[in-house]
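Scroll down for the structure; my scribbles are underneath it.
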Amino acid sequence: MRASGLLTTLKSYPCAVLLGGQLAAILLFPFLDTSPLGRGALGVVSMFLVAAAIWAVRFSPALAWVAALFGLPAMAFTMAEAVAPHVGWIVLVSALLHTPFYLYVFFAMVRYLYEDEHVTRDELFAVGAAFTVVAWGFAYVFSASQVLWPGSFVSPSGDTQSWFELLFLSFTNLTGVGLSDITPATDHARSVITVQQVIGVLYLALVVARLVGLTSRR
């Protein structure tokens with residue numbers, strides 16, 4: 001009964017599952033990225049995140065089949081990238097599939113938050129899930145930029161950054177904390193960084209502020 005009750009609870013909060021899975025993946029990455037077997041395990045975790053995102057979109061006003069259209073081939077290249085993380089064309093195709101997928105999921109989460117005038121528990125989790133999803137999406141934008149324009153991002157360790165380093169840059173840029181030691185070195189990199197900064201400000205102004213207003217009014 002306890003297991004079935006937990007499963008029922010998880011089904012009721014798909015955005016919580018998505019948010020929890022993404023945070024768990026961030027914590028697991030440093031432990032698993034050091035070996036081919038670990039990267040394979042990370043590929044499986046990433047596939048779970050893609051599946052969780054598609055599942056979460058089903059509960060939003062957006063179209064789940066559109067998410068699946070990008071998500072299913074992205075799953076295949078997730079495993080390919082885990083096996084061959086330094087092959088340029090695999091990294092590029094993976095990024096070109098994951099970017100529209102995660103940005104569409106972000107759009108679905110925002111539509112979900114604007115759907116009604118009442119704040120539910122899952123909508124509160126959707127606030128965090130949408131934020132992490134757009135950070136994930138831009139990490140893949142940075143990854144594609146790095147393949148197309150080598151040296152787009154530089155750090156003390158060199159001019160080629162791992163995907164996890166780009167994810168860290170994405171989160172620091174989106175939150176505006178400025179803690180990253182990775183900097184954009186080309187105009188293409190600076191342009192995508194600027195777009196992400198604008199989206200981060202608009203997210204706070206249009207989504208978080210609205211949710212706080214609805215909660216305060218209630």
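The values are calculated or read from the model by the stated rules, or taken from the named source; none is laboratory data. Please read these numbers as outputs of a predicted model, since none were measured by experiment. Here Cβ is always computed from backbone atoms with ideal geometry, including for glycine, and neighbour counts include all displayed protein chains. All accessible areas refer to the heavy atoms of the entire protein, side chains included, with ligands and DNA or RNA removed. Shrake-Rupley method; radii C 1.70, N 1.55, O 1.52, S 1.80 Å.
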Exercise for the section: Mind counting the residues in the stretch 114-129 that are touching a Phe, Trp or Tyr at 6+ places or on another chain (Cβ under 9 Å) and either aromatic (Phe, Trp, Tyr) or modelled with pLDDT of 90 or more (or both)? Expected result: 1
Practice task
Being free of Cβ contacts under 8 Å to residues at least 60 places away in the same chain and either touching a Cys at 6+ places or on another chain (Cβ under 7 Å) or not small (Gly, Ala, Ser) (or both) narrows it down to one of Glu117, Glu165, so name that one.
Solution key: Glu165
Exercise for the section: Give me a count of the residues in the stretch 148-162 that are free of Cβ contacts under 8 Å to residues at least 40 places away in the same chain and aromatic (Phe, Trp, Tyr). Expected result: 1
Exercise for the section: Kindly indicate whether Ser216 is assigned to a helix (DSSP H, G or I), at pLDDT 80 or above and either open to solvent by less than 20 Å² (accessible area, probe 1.4 Å) or over 21 Å from Ser94 (Cβ atoms) (or both). Expected result: no
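Would it be correct to say that Phe142 is touching a Leu at 6+ places or on another chain (Cβ under 6 Å) and of a type in the set (Phe, Trp, Tyr)?
Spelling it out, Phe142 is indeed touching a Leu at 6+ places or on another chain (Cβ under 6 Å) and of a type in the set (Phe, Trp, Tyr).
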Exercise for the section: Give the number of residues within the stretch 48-82 that are open to solvent by 40 Å² or more (accessible area, probe 1.4 Å) and either at pLDDT below 80 or touching a strand residue (DSSP E or B) at 6+ places or on another chain (Cβ under 7 Å) (or both). Expected result: 4
Practice task
Quick one: in the stretch 1-26, of everything that is open to solvent by 50 Å² or more (accessible area, probe 1.4 Å) and farther than 21 Å from Ala126 by Cβ, which residue is modelled with the lowest pLDDT?
Solution key: Met1
Completion exercise
Residues in the stretch 12-47 that are assigned to a helix (DSSP H, G or I), of a type in the set (S, T, N, Q) and over 18 Å from the mean Cα position of the chain (by Cα) total 1
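Within the stretch 97-110, can one find any residue that is touching a Pro at 6+ places or on another chain (Cβ under 6 Å), open to solvent by less than 60 Å² (accessible area, probe 1.4 Å) and under 21 Å from Ile54 (Cα atoms)?
yes
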Handout entry: Which numbered condition Leu69 misses (of (1) assigned to a loop (DSSP other than H, G, I, E, B); (2) over 22 Å from Gly20 (Cβ atoms))
Key = (1)
